[in-house]
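S.K.: Mind looking over this structure? Questions follow.
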Amino acid sequence: MAATSPTPDWTTGPAKWFAVVILGTASITGMVWSMTTRSHRPAPSPVRSHASTPDPRPAVTQEAAPADPPSAPVLTRKINLNTASQAELELLPGVGPALAARIIEYRDAHGGFKSVEELDRVSGIGPRTLEKIRPLATVD
């Protein structure tokens, strides 16, 4: 009669603890990876009721984008550089709080803009930023 080799018992001894360590580490690593690579979606904006007075801010719509990150707001009317508030100027592409403040400072110091192209005289606005802003701004 031939001797058969005994099959290992994976439910006892060091093999059991080795399996627990390997599988536990893999599951923790998977959870950490999942949490760090998850895309964060913005919270939905609150719904406002229609008031009797019109909203003086420019109308903004969300354009649907098939991929992450969420799309930027799309202006539905042009922003007047000579009358816009800082918040309205910040809706323009490439314009943040500091640049909006510099646009207002320039406007106040020079008596307003005579053309959209005059924006290139504001510190921080170069040709590329001006190209993005040009179709969205006016100087009525």
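S.K.: Does the range 1-38 hold any residues that are at pLDDT below 70 and either among the charged types (D, E, K, R) or in contact with a Phe, Trp or Tyr (Cβ under 8 Å, 6 or more places away or on another chain) (or both), and which are they?
M.R.: Selection gives ASP9, ARG38.
S.K.: Under the condition of being open to solvent by 80 Å² or more (accessible area, probe 1.4 Å) and without any contact (Cβ under 8 Å) to a residue 24 or more places away in the chain, which residue from the range 110-122 is farthest from the chain's Cα centre (by Cα)?
M.R.: Per the stated criteria, the residue is HIS110.
S.K.: Given the options ARG57, ARG41, name the one that is within 25 Å of the chain's Cα centre (by Cα), loosely packed, with under 10 Cβ neighbours inside 10 Å, at pLDDT below 75 and of a type outside the set (S, T, N, Q).
M.R.: ARG41
S.K.: OK, next. If you scan the range 96-140, which residues turn out to be of a type in the set (Val, Ile, Thr) and part of a loop (DSSP other than H, G, I, E, B)?
M.R.: VAL122, ILE125, VAL139
The values are calculated or read from the model by the stated rules, or taken from the named source; none is laboratory data. These numbers come from a predicted model, not from an experiment. Virtual Cβ from ideal backbone geometry, glycine too; neighbours counted across all protein chains shown. These accessible areas exclude ligands, DNA and RNA; they are computed on the full protein's heavy atoms, side chains included. Shrake-Rupley method; radii C 1.70, N 1.55, O 1.52, S 1.80 Å.
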